[in-house]
Amino acid sequence: MKYSREFRNAELARAVAAEIASLTDPGRHYKIMEVCGGHTHTIYRHGIKDLLPEQIELVHGPGCPVCVLPMGRVDEGIRIAERPEVIFTCFGDMMRVPGSKGNLIEMKAQGADIRMVYSPLDALRLARENPDREVVFYAIGFETTAPSTALTLQRAKKEGVENFSVFCNHVNIVPPVRALLDSPDLRLDAFIGPGHVSTVIGCRPYEFMPADYGKPCVVAGFEPLDILQAILMIMRQLAEGRCEVENQYSRVVSWEGNLAALRSMAEVFELRPYFEWRGLGFIAQSALKISPAYSHFDAELRYATPGVRVADPKACQCGEVLKGVLKPHECRVFGTACTPEHPLGALMVSSEGACAAYYNFGRKVEERVGAER
Amino acid sequence: MSGQRTRLRPRFDAPRIDMSHGAGGKATHKLIEGLLLPALENTALAPLSDAAVIPCGDARLALTTDSFVVRPLLFPGGSIGELAVNGTVNDLAVSGATPLALSAALIVEEGLSTEVLEREVGAMATAAERAGVAVAAGDTKVVERGRADGMYITTTGIGVADPELELSAAAVRPGDKILCSGTLGDHGTAILIARGDLELEADLLSDTRPLIPLVEALKGAAGPGLRFMRDPTRGGAGTVLNELARDSGLGVVIWEERIPVREIVHGACEILGIDPLYVANEGKLLAVVAPECADAALEALRGVEGGEEAEVIGEIREEPARMVVMHTGFGGTRMIDMLVGDPLPRIC
């Protein structure tokens, strides 16, 4: 994988960082939100903040699908997983997300048949291999992973696999960003747009950000040099007084997106009228449910999930961190009651969650810099 | 309250054992320090090193034990039998002890083919011969089909501790250099690819091997300047470095660009979203040596089979105390914490 090393070149990084510094107005404070959790992970993993002038603040956005899942949906997944006839499948990240009465790892230790898969197709294969069991896939993710769920359901239907269903928690990226832009307590200068989501939806859906809200957006890849270059492109827009959507990740992302993937999604899913987001509340038309043509595969219908709303633990401030109002270490339970081993909030669970990334990678560095200032 | 307590013990409050308790990271530590150690408390066990040191007349005996539950039994570069011998031999070797003898306990599942059993016992014999140690005692149990995954092996090793060496985290000083004997993450990645769940194919072998020649080379080159050794198995190098930082009370600083990782391991870990620093090794060691011995120690390691790609990957500092910090190849810094959760179960 030589490919990735070229995007981690320290010499190039210094050159880009110097150009960013030259465009930075020393008297101004810049707040740039990286929407996607993958970007948050890269920023901490490679220590990108150390390369930026102190006037530039990176705010971590809501683009970590595990993190924004409300506790009620976690509980409903666990309730399905506890059924004796069910083989419950999910991505590894989901295993440690706390529900109100424990997580999937603990349920597995208590005897539930819960298996980690790397793709929904693996779940479908399990269904074929275990015709006397019911296999349920816990689908999460933005438009990035929704096409693979859609293709899996199309295949399940074509092959007539009866003992397979999907608990659908797919969400859309644009509605929460719009909700953030409408939020009065948030002042942002620009956005780093999500790369993987954009491989599917393209760049066009972000045009409302400059058009309606006057905020530049640069869609970026996931290597550290991608992110640094995206910040440079944003700083150029701000310095030149431009405000538009730009595509840093053009080696993968097209302006129109992946039309075949979008067609599959349109066949298999429909918009939910509203969906609850952790920390952000209910947002209209922000999530996908399985369409009537595929309702046979909808675990929500098969197991009649009640749709219970469960409040987050009182001490948890994931919502404020998700909105960028608080930094991870400013949360009152960060690193004390809430750690990656015993997360209270979902932001501490996924490696893409702002709190986990900060706890695992950034904690010490921030403390040291803090002490020097 | 009597006795000296160097640190607070975590309380073990999980109602049940889950897979993360076997991963070698934070949860395993909690299980050991919060449940096992308090129940079995004694001076030989208390340091929780790779091998316990037990005085016996004028000599000091080293004692260690390890169970092997790897799946699949046969993997590129090795098998459970070879691993079971090397793993225990290596725990003795990195404790500075010369292995004397091993015992082996086999738990075999009903229905296992005799051919597989013969192959694995043969692998144990070959590995024992290579390490210059005899399997001097053994036990065999058979359990019903479905109650063990083919076979499990437990080996126990006894050795004589080197009277000249005082290896411990407490012996480490600021300025000391951290050496890594070769590429990290080979074993865990090879096992993962061999399982076939990922539909990845790669030309990668487990690094399982006895560490005795590497340890001898280090002892010869650094002498009393050799302060600390560990083989980074479960939990990987990241976990060992955290134990070092915690137990020494000092800071550990490493440079990402100096850490040897094969391109193929780097690529597989990128795809899986895991860090090679937390992936298990079965034929590598991490050593801390006094700064004046570092060059000689590195040269000695590189002159031994299995140590050709050795590097100085970091050093010990006063600050940040009890923490591991990495200078990234990209020019930033980040913290390295202990492994949380279990990305790769049953790799040894």
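Points worth noting:
- Net +/- balance of residues flanking A:H39 in space, Cβ distance below 10 Å, scoring K and R +1, D and E -1: -3
- Maximal additional length on extending the A:S183-A:S22 stretch stands at 54.8 nm, based on 0.36 nm per residue less the C-alpha distance.
- Distance from segment A:114-193 to segment B:229-246 (C-alpha centre basis), Å: 36
- Where GluC sites (Glu not before Pro) fall in DSSP loop in segment A:227-274, at most 15 other Cβ within 10 Å: A:E244, A:E256
- Here the spin labels are modelled as points 7 Å beyond Cα on the Cα-Cβ line, and at A:V252 and A:A304 they lie 4.4 nm apart.
- Residue-count net charge about A:E223 - beta-carbon cut-off 9 Å; Lys, Arg +1, Asp, Glu -1: -1
- When the Cα atoms of the protein assembly as shown are aligned to their principal axes, the ranges along those axes come out at 82, 65, 54 Å in descending order.
- Chain B shape via C-alpha gyration tensor axes, a/c threshold 1.5: rounded
- Those GluC sites (Glu not before Pro) in segment B:275-333 that DSSP places in a loop and that have at most 16 other beta carbons within 10 Å: B:E305, B:E308, B:E309, B:E318
- Treating r as the C-beta distance of B:D149 and A:H342 and R0 as 22 Å, the FRET efficiency rounds to 0.15.
- Fluctuation leader among B:R71, B:R119, B:R302 - chain B, Gaussian network, Cα springs under 10 angstrom: B:R119
- Normalised by the number of residues in segment B:169-336, the mean separation of alpha-carbon contacts (under 8 Å, six or more apart) gives a relative contact order of 42 percent.
- Normalised radius of gyration (Cα atoms, divided by 2.2 N^0.38 Å) for segment A:147-237: 1.44.
- Computed FRET value (nearest 0.05) for B:E199 with A:K157, which takes r as the C-beta separation and R₀ as 30 Å: 0.80
- Among the listed pairs A:K101/B:K30; B:K30/B:K284; A:K31/A:K327; B:K219/B:K284; A:K31/A:K215; A:K157/A:K289, a Cα-Cα separation exceeding 19 Å is found for A:K101/B:K30; B:K30/B:K284.
- With the convex hull drawn around the C-alpha atoms of segment B:127-241, the volume per residue stands at 177 Å³.
- Beta bridges per DSSP, both residues in chain B: antiparallel share near 80 percent.
- Taking amide H as placed 1.01 Å from N in the peptide plane, the amide H of A:I173 sits under 5 Å from that of A:E143, each at least 5 places away or on another chain.
- Each of A:T24, B:T43 has some number of other Cβ atoms within 10 Å of its Cβ, and from fewest to most they run B:T43, A:T24.
- Simple spin-label estimate for A:Q55 and B:A44 in nanometres, 7 Å along Cα-Cβ: 6.7
- Cα-based radius of gyration for segment B:51-161, normalised by 2.2 N^0.38 Å, reads 1.10.
- Each part reduced to its alpha carbon centroid, segment A:215-272 and segment B:6-46 end up 47 Å apart.
- Once backbone amide H atoms are built at 1.01 Å from N, A:V97 has A:L104 as its partners under 5 Å, excluding neighbours fewer than 5 places away on the same chain.
- Taken one residue at a time, the phi angles of segment B:319-329 give Karplus couplings (6.51, -1.76, 1.60, θ = phi - 60°) of 10, x, 4, 6, 9, 10, 10, 10, 7, 6, x Hz. Gly and Pro are set to x.
- Chain A: C-alpha pair distances exceeding 29 Å, %: 42
- Counting only cysteine Cβ atoms and a cutoff under 4.7 Å, chain A contains unmatched residues A:C36, A:C90, A:C168, A:C203, A:C217, A:C243, A:C316, A:C318, A:C331, A:C338, A:C355.
- Whole-Hz couplings from phi, Karplus 6.51/-1.76/1.60, listed for segment A:108-122; x for Gly and Pro: 5, 5, 7, x, 5, 8, 10, 10, 7, 10, 9, 7, x, 5, 5
- Label-point gap, in nm, between B:D295 and B:A134 - each point 7 angstrom along Cα→Cβ: 4.5
- In order through segment A:222-238: 3J(HN,Hα) via Karplus (6.51 cos²θ - 1.76 cosθ + 1.60), integer Hz, x for Gly, Pro: 10, 7, x, 5, 4, 5, 4, 5, 4, 5, 4, 4, 5, 5, 5, 4, 5
- Additional length obtainable on full extension of the chain from A:S148 to A:R5, 0.36 nm per residue less Cα span: 48.7 nm
- Per-residue Cβ neighbour rank within 10 angstrom, fewest leading, B:W255, A:W255, A:W277: A:W255, B:W255, A:W277
Bear in mind these aren't lab numbers, they're just calculated from the coordinates by the rules spelled out. Please read all numbers here as calculations on a predicted model, not as lab measurements. Note: ideal-geometry Cβ built from the backbone for every residue, glycine included; neighbour counts use all protein chains shown.
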